[in-house]
Amino acid sequence: MSQQPIGIFDSGIGGMTVAHAIKKALPNEQFIYFGDTAHLPYGDKSPESIRHYAARITQFLIEKKCKAIVIACNTASAHAFKIVQDIAGPSVPVINVIDPVAEYVSQQFNRKRIGVIGTKGTIASRVYVTRIEKRNKTLKVISNATPLLASMIEEGFYNNKISQTIINSYLSKPTFKNIDALILACTHYPLIRKEVDSYYKKRIPIIDNGEVAANALKEILEKKSLLSKGKTSKKDLFVVSDYTEAFNHSTKIFFGEEVQLKRARIWD
Ligand code: DGL
């Protein structure tokens, strides 16, 4: 079992930021990445649709004999964690990108105001508010949807004047006044971390939930004796439900190097 791959899935290519963080934390492991590019974006979809997509993708990853499943997408983590766990079964641990951050924040901070930005779906679910405030009652979570940011980043608009203006406009909302930390609750946002830092002039910590989830995954695999014994010789696989050249080029933005995507027709 320990030599089997880790399954990671997202609505598209953005979740490769999480795959990248996992590769850094667990360089010996092989993973299978699934991007549901046929249904992108998840941020505007209904919870029912997201659960339907996540269930089928989980079946695919289980058929590929994945030993653990990471829901890299925040929106899917918010709406589909339970169904993914049910399909994966008790022997395959499932990690979402929300609970590890909720745990981290509730241990690191006390009597603070924590900001969260993410898609409409993630923010409407109020999942960060409930999971953080339940763990630490002294914390106040303020969340704002920032729907323009994911598509802006996908189009290559980051680290420039236009993106900085849009980011500043979202972060200057009155509800975000006096926050003490900010959670980047979307696969795409590690790419705008510099601009977020520049808005706050590095005065507050910015939390990247991909990194936190990668460390949580490592701990869980260790605890369950599921870590790979030595470096795997098997190559990572990158699978999408709809292939275009543009998606393939985007892998460089999110994974740091361009990788070859393969199409799996799981919706036919
Ligand atoms: N992957 C999504 C998330 O982290 C962002 C892109 C989308 O809306 O599909 O919530």
Probe 1.4 Å, heavy atoms of protein chains only: per residue, the accessible area of the chain in Å² is 46 Å²
With only helices counted (DSSP H, runs n ≥ 4, each -39500 (n - 2.57)), the per-residue ellipticity at 222 nm for the chain, to the nearest 500, works out to -13500 deg cm²/dmol
For the range 224-235, in residue order, the Karplus 3J(HN,Hα) values (coefficients 6.51, -1.76, 1.60; θ = phi - 60°; whole Hz; Gly and Pro = x) are 9, 6, 10, 5, 4, 8, x, 6, 6, 8, 7, 7
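Hull surface divided by four, with the convex hull built on the Cα atoms of the range 1-158: how many nm²? Present the calculation step by step, with values, prior to reporting the outcome.
Numbers: hull surface 38.8 nm².
Mean projected area of the Cα convex hull: 9.7 nm².
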On the accessible surface of the chain, probed at 1.4 Å with all protein chains in place, carbon and sulfur together account for a percent value of 52 percent
Relative contact order in percent for the chain (Cα pairs under 8 Å, 6+ apart) equals 27 percent
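Can you tell me the length gained on complete extension of the stretch Ser172 to Arg203, counting 0.36 nm per residue apart and subtracting the Cα distance?
9.7 nm
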In terms of the alpha carbon gyration tensor, root eigenvalues a ≥ b ≥ c, rounded if a/c is under 1.5 and otherwise prolate when a/b exceeds b/c or oblate, the chain is prolate
One computes Rg over Rh for the range 161-268 from alpha-carbon atoms, with the Kirkwood Rh, and obtains 1.07
Of Thr146, Thr130, Thr17, ordered by accessible area with the largest first and a 1.4 Å probe, the sequence is Thr130, Thr17, Thr146
Note to self: C-alpha centroids of the range 13-68 and the range 172-208 sit apart, in Å, by 25 Å
Counting as exposed only GluC sites (Glu not before Pro) in DSSP loop states with no more than 16 other Cβ atoms inside 10 Å, the longest exposed-site-free span of the chain is 1-154
The set of residues whose placed amide H lies less than 5 Å from the amide H of Ile183, leaving out same-chain residues fewer than 5 positions away, is Gly115, Val116, Ile117, Ile207
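Kirkwood hydrodynamic radius (Cα pairs, Å) of the range 68-159? Working shown, then result.
On the way: mean 1/r = 0.0696 Å⁻¹.
Its Kirkwood hydrodynamic radius stands at 14.4 Å.
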Surpassing 25 Å at the alpha-carbon level, of the pairs Lys24/Lys201; Lys140/Lys218; Lys24/Lys194, are Lys24/Lys201; Lys140/Lys218
Shape call for the range 98-235, from the Cα gyration tensor axes a ≥ b ≥ c (a/c under 1.5 means rounded, otherwise prolate when a/b beats b/c, else oblate), comes out oblate
Protection proxy (average C-beta count within 10 Å per residue), highest first, orders 54-61, 83-90 as 54-61, 83-90
Log entry: pair-distance distribution for the range 1-75, C-alpha pairs binned every 10 Å from zero, whole % per bin is 20, 52, 24, 4
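The values are calculated or read from the model by the stated rules, or taken from the named source; none is laboratory data. As the structure is a prediction and not an experimental result, all values here were calculated from the model. Neighbour counts run over all protein chains shown; Cβ positions are idealised from the backbone, glycine included. Note: areas computed on protein heavy atoms with side chains; ligands, DNA, RNA excluded. Shrake-Rupley method; radii C 1.70, N 1.55, O 1.52, S 1.80 Å.
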